[in-house]
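Student: Before anything else, here's the structure in question.
The values are calculated or read from the model by the stated rules, or taken from the named source; none is laboratory data. In this text the structure is predicted, and so the values were computed from the model without any measurement. Glycine gets a Cβ as well: all are built from the backbone with ideal geometry, and neighbour counts include every protein chain shown.
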Amino acid sequence: MTRDTATPLRPARRRGRWIAALLCAASAAGAVLAPSATAFAAGHGTAASPTSVRHTAPARPWAAERATRQAVRQLTEAGLPGAIALVRDHGRTATAAAGYADVAARRPVTSADHLRIGSNTKVFTATVVLKLVAEHRLSLDDTVQHLLPGIIRGGDRITVRQLLNHTSGLYPFEQDPASMAPYLRGDAGYYWSPRRLVALADTHAPLFAPGTRFSYSNTNYFLLGLVIEKVTHHSYTQELNRRIITPLGLRDTRLPVRTLKIQNPAVHGYMLGRAGRAPQDITFGISPSTTWAAGALTSTVNDLARFDKALLTGKLLPKAQLAEMTKAGPFTIDPADPTEGYGLGLEKLTLCCVTMWGHTGTVLGTQTNAFTSADGTRQLVLATNADPDTWTADQISAWLTASRKTLCAH
C-alpha cells in the first residue's frame, strides 16, 4: 500500500504518479545525470553486484541492449538495492537486472524474479470490468447503488465509469490511519475484507461531487472488485484467472490476498534508511488484503509486458471497449502537465514522442512502471525494490535518467 512521507507505513493516495510525471519531463528535456553512489551502495556492495542480461534481438548490435544494462546498473550505483528492466521495440526484446533481490541473503535479482506490481493491478481489474461491459452484463453508466445497493452513501450518483477513472470523489480508505493500525501493532497477517475497507471510506465525507474532479482512490477499485463478484457470482480472483491470467498463459502472475508470501524466486521490498543504515525489509509487513483489486497482484516484468501488449493490441477487449479505456479525461492527473491523462484504469504518458499507456505501481517497498505504445510495438517495464518515499534526490534523478535511456536509446 502506498504511504506518505511522514509515516512510511501509513497509507496515502500517492503511489508513484509523481515519478511518471517526472519521466515525461526528463524525456522531453533530455537531462543526463551522472549519479553518485549513496552510503548504502558503497557499504553493501550494490554497485558491484552482478548484472544479468537477456535479449531476443537479431545478431546485429542493438543499442537498447547496452542501454538496458546501463539503466539497471546506474540505479544500483545510485543506491537502490535492485532493479529490473525490459525494453521491447518492434519484435526485439532486451531484459536486464542488477543488484539484490534479497539484501540480507545477498541473492542477486534476475528478470525472472516475482515482485509486487502494486497499482498495475488496476489495469487487470479495469479489463475484467470492460469485458463484462462488452458482454452487456453491466454498463459504464450503471450506478454503484444499482449494482451494490446500500454499500456507500450517495451511490446513486456514482457510476462505474467514475470509479474506473477516479472521478467518483470517494474518500481513499488508505488515508484513514485505522487501515494501518493492525500492522503498526505488529499483526502483519491481519486480514481486511473488501467491504470493511469500503465501509471505512464511507465514514468520511466525499471529497467532491461525482464527475467534477480527478482524485486517485483505491476505494474505487475495491468497489469495482465487488461489482465483478456481484455480476459474475464468482470471486474476483476466479474472474481474473478465467478471463486474463489463464488465457494469456501468465504463469508467474498471482493474487495473494490471505498470505504474505510471494511466489519464489521473490524480490524483497525495502525502505531505505539514512546514510550508513541498512535498508528495512518491509516485504512481509502488511497484508495484501489492504490492496486487493487495487494493487495486490504479484508478477514478473515479462508477464506484465505480455499482458499490457495483449490489452493494447485488442486481444482482450473489443475495439469499442478498448477505445473507452484509452480515452483520457476529462481531467488530467496533474493539472500542470496536460500531456498526462487517465483513461479507464490506464495512465497516458508521452515518452520520447511516443504515446504510451500503462500504469505505475508503488507497494511495500517496490516501484514498478509498465508502459506500452498504442500499437503494442514499444514497451518499457522498469522496477526497483526500494520505496520511492525513501529515495534521495540522486536516486530520483537516476530513475529518470534510466527510464529515458532505456526507452530512447534505440
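Student: Scan the stretch 223-245 for residues that are touching a helix residue (DSSP H, G or I) at 6+ places or on another chain (Cβ under 9 Å) and β-branched (V, I, T) and jot them down.
Tutor: If the condition is that a residue be touching a helix residue (DSSP H, G or I) at 6+ places or on another chain (Cβ under 9 Å) and β-branched (V, I, T), then V227, I228, V231, T232, I244, I245 are the ones that fit.
Student: Can I ask one more? For the stretch 41-51, check the following and say yes or no: at least one residue is at pLDDT 85 or above, over 19 Å from D113 (Cβ atoms) and either in contact with a strand residue (DSSP E or B) (Cβ under 8 Å, 6 or more places away or on another chain) or not polar (S, T, N, Q) (or both).
Tutor: No - not one qualifying residue is present in the stretch 41-51.
Student: What pairs come out if I take residues in the stretch 262-277 that are among the polar types (S, T, N, Q) and pair them with residues that are modelled with pLDDT of 95 or more and assigned to a strand (DSSP E or B) whose C-beta lies under 8 Å away, six or more apart or interchain?
Tutor: Pairs that qualify, where the first residue is among the polar types (S, T, N, Q) and the partner is modelled with pLDDT of 95 or more and assigned to a strand (DSSP E or B), are Q263/H114; Q263/R254; Q263/T298; N264/H114.
Student: May I ask you to verify whether L170 is under 17 Å from W292 (Cα atoms) and either hydrophobic (A, V, I, L, M, F, W, C) or in contact with a helix residue (DSSP H, G or I) (Cβ under 8 Å, 6 or more places away or on another chain) (or both)?
Tutor: Spelling it out, it is not the case that L170 is under 17 Å from W292 (Cα atoms) and either hydrophobic (A, V, I, L, M, F, W, C) or in contact with a helix residue (DSSP H, G or I) (Cβ under 8 Å, 6 or more places away or on another chain) (or both).
Student: Then there is this: Among the residues of the stretch 381-405, write down those that are part of a helix (DSSP H, G or I), among the hydroxyl-bearing types (S, T, Y) and under 17 Å from R277 (Cα atoms).
Tutor: Scanning the stretch 381-405 gives a single hit, T390.
Student: Go through the stretch 143-161 and give me each residue that's closer than 25 Å to A296 by Cβ and not in a helix (DSSP H, G or I).
Tutor: Passing the criteria: L148, I151, I152, I158, T159.
Student: Please determine, by comparing only the residues of the stretch 304-350 that are of a type in the set (F, W, Y) and farther than 14 Å from F124 by Cβ, which one is farthest from the chain's Cα centre (by Cα).
Tutor: Among those residues, the one meeting the criterion is F331.
Student: Is there a residue in the stretch 261-284 that is at pLDDT 95 or above, crowded, with 18+ Cβ neighbours inside 10 Å, of a type in the set (F, W, Y) and assigned to a helix (DSSP H, G or I)?
Tutor: There is no residue in the stretch 261-284 that is at pLDDT 95 or above, crowded, with 18+ Cβ neighbours inside 10 Å, of a type in the set (F, W, Y) and assigned to a helix (DSSP H, G or I).
Student: Does the stretch 210-219 include one or more residues that are crowded, with 17+ Cβ neighbours inside 10 Å and more than 25 Å from P335 (Cβ to Cβ)?
Tutor: no
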